[in-house]
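I'd like to ask some things about the structure below.
The values are calculated or read from the model by the stated rules, or taken from the named source; none is laboratory data. Keep in mind the model is a prediction, meaning the values are calculated, not measured. Cβ placement follows ideal geometry from the backbone for every residue including glycine, while neighbour counts extend to all protein chains displayed.
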């Protein structure tokens, strides 16, 4: 917890802001989806903000920043709270600032949308579709997630098969960011420099606005293929990812997963599944490649008609796979892995063989540096933290990159970089933004 502060003074210095200090409200605003990890759930469960601020516009947000900076009060930012690593959990109390009311769509032109940080991705996508565009990238939580939360705490998801992660140059073009000072003057960050704000958990600046690059809206179709053998399904995914076909999503699930996540009505028992969002022009290629591996089309629907509803196949992919599995079996947790191009299928097969039913294979195809690649969001049957750490270490020793989803520390999760730290020193000179998420963040004397 932070040192005691005077909430009445904060209210006086930001009188137009809605302040909440009820226990239930503070608890709700201090939570995210970090309960996906039994390690994080145990460690973060008691973290609690002393107050919640809900600014209605940017001037009110700046007033909260200034008031907290004057008193030395930690400030943690919150979008929709859909992050998985405790991104918006206030480890040292203080104030949580809920950014969801800063939700204006400021402009759409020439394949670019400018939005406030609290705008929901689903609302943004609906708005840009009226102009013939769509968001390049969205998490599986797009119906809830905000533009600022996605950039500060997300990665990619739907669309990553075409555009990689948010970090790829050209996906996010600019950000308006406020420093954590007593007189915060917003600064426009553009071009490559904006990447230093990416996935920083709001530790190095308060995002107020973002500019996202868009993609032309295509006629997409959602398809589900079934395969008797997992490696046939994985090879099909690999081949399709490398084909000259427009894709928005490409997911491979091992046979035990479909009944765990509610797909038993579409996938026969014992069968593996490949879920995709593919352009209508790519359907014939997908059918031909599937047939080569013994795959069969089991389900198809128009993407536009299903998008934004629980019927969409998107709801069974990326981290929604883990969410749905956890609803049925709370002994499950997950990994986040990256299989290097050139060795991906070989390593996938080796890891699947090594762990069997203990680690269930869930693959997501994406691009890294414009090269098709394969990531894993494997489901793990949790036995102990020691065993989980052993599995992570074994993957790394075999050449599989693991972005550890069982730590709240950016440094330990492999998600920090020198540019982020440089902005931290510039925009948060007293270490008040989301303290405790970096091993060295300038917030003296506090340990998570």
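Give me a count of the residues in the stretch 218-238 that are touching a helix residue (DSSP H, G or I) at 6+ places or on another chain (Cβ under 6 Å) and in a strand (DSSP E or B).
Count: 5.
On the given criteria, is residue 291 surrounded by 13 or more Cβ atoms within 10 Å (Cβ to Cβ), in the same structural domain as residue 394 (by TED's automatic domain parsing) and in a helix (DSSP H, G or I)? Spell out the reasoning first.
Working: surrounded by 13 or more Cβ atoms within 10 Å (Cβ to Cβ): yes; in the same structural domain as residue 394 (by TED's automatic domain parsing): yes; in a helix (DSSP H, G or I): yes.
The answer is yes for residue 291.
Here are 193, 233, 241: which of them is buried (at least 17 other Cβ atoms within 10 Å of the Cβ) and under 22 Å from the mean Cα position of the chain (by Cα)? Break it down stepwise before answering.
On the way: 193 fails: buried (at least 17 other Cβ atoms within 10 Å of the Cβ); 233 fails: under 22 Å from the mean Cα position of the chain (by Cα).
Only one candidate passes the filter, namely 241.
Going by the conditions given, is residue 330 under 22 Å from the mean Cα position of the chain (by Cα) and in a helix (DSSP H, G or I)? Talk me through it step by step, then tell me what you get.
Details: under 22 Å from the mean Cα position of the chain (by Cα): yes; in a helix (DSSP H, G or I): no.
The answer is no for residue 330.
Pick from the stretch 250-283 the residues that are under 21 Å from the mean Cα position of the chain (by Cα) and in a strand (DSSP E or B): which of them is farthest from residue 355 (Cα to Cα)?
277
Here is a follow-up. Of 193, 241, 215, which residue is in a helix (DSSP H, G or I), under 27 Å from residue 120 (Cβ atoms) and in contact (Cβ under 8 Å) with a residue 40 or more places away in the chain? Walk me through it before giving the result.
Values: 241 fails: under 27 Å from residue 120 (Cβ atoms); 215 fails: in a helix (DSSP H, G or I).
None of the others qualify; the one that does is 193.
Quick one: residue 88 ticks every box in (1) farther than 25 Å from residue 408 by Cβ; (2) in a loop (DSSP other than H, G, I, E, B); (3) touching a strand residue (DSSP E or B) at 6+ places or on another chain (Cβ under 6 Å) except a single one, so which number is it?
So the condition that residue 88 fails would be (1).
So which residues in the stretch 23-70 are touching a helix residue (DSSP H, G or I) at 6+ places or on another chain (Cβ under 7 Å), without any contact (Cβ under 8 Å) to a residue 60 or more places away in the chain, surrounded by 22 or more Cβ atoms within 10 Å (Cβ to Cβ) and assigned to a helix (DSSP H, G or I)?
Scanning the stretch 23-70 gives a single hit, 67.
If you don't mind, there's one more thing I want to ask. Just wondering, is there one or more residues in the stretch 199-207 that are surrounded by 24 or more Cβ atoms within 10 Å (Cβ to Cβ) and in a strand (DSSP E or B)?
Checking the stretch 199-207: at least one residue is surrounded by 24 or more Cβ atoms within 10 Å (Cβ to Cβ) and in a strand (DSSP E or B).
One residue is enough: does the stretch 318-327 have a residue meeting the conditions surrounded by 19 or more Cβ atoms within 10 Å (Cβ to Cβ), more than 18 Å from residue 250 (Cβ to Cβ) and touching a strand residue (DSSP E or B) at 6+ places or on another chain (Cβ under 9 Å)?
yes
Among the residues of the stretch 335-362, write down those that are assigned to a loop (DSSP other than H, G, I, E, B) and farther than 21 Å from residue 258 by Cα. Give the steps one after another, and end with the answer.
Narrowing the stretch 335-362 to residues assigned to a loop (DSSP other than H, G, I, E, B): 335-336, 340-343, 361.
Of everything in the stretch 335-362, those that are assigned to a loop (DSSP other than H, G, I, E, B) and farther than 21 Å from residue 258 by Cα turn out to be 340, 341, 342, 343.
Just checking, which of 69, 49, 63, 127 is within 29 Å of residue 216 (Cβ to Cβ) and at pLDDT 95 or above? Explain how you work it out, then say what you get.
Working: 69 fails: within 29 Å of residue 216 (Cβ to Cβ); 49 fails: within 29 Å of residue 216 (Cβ to Cβ); 63 fails: within 29 Å of residue 216 (Cβ to Cβ).
Only one candidate passes the filter, namely 127.
Answer with yes or no whether residue 377 is at pLDDT 95 or above, buried (at least 19 other Cβ atoms within 10 Å of the Cβ) and closer than 19 Å to residue 236 by Cα.
yes
If you don't mind, another one. Would you pick out the residues in the stretch 305-317 that are surrounded by 14 or more Cβ atoms within 10 Å (Cβ to Cβ) and either modelled with pLDDT of 95 or more or out of contact with any helix residue (DSSP H, G or I) (no Cβ under 7 Å at 6 or more places or on another chain) (or both)? Step through it out loud before you land on a result.
Step one: filter the stretch 305-317 for residues surrounded by 14 or more Cβ atoms within 10 Å (Cβ to Cβ), giving 306-308, 312-317.
Those that are surrounded by 14 or more Cβ atoms within 10 Å (Cβ to Cβ) and either modelled with pLDDT of 95 or more or out of contact with any helix residue (DSSP H, G or I) (no Cβ under 7 Å at 6 or more places or on another chain) (or both): 306, 307, 312, 313, 314, 315, 316, 317.
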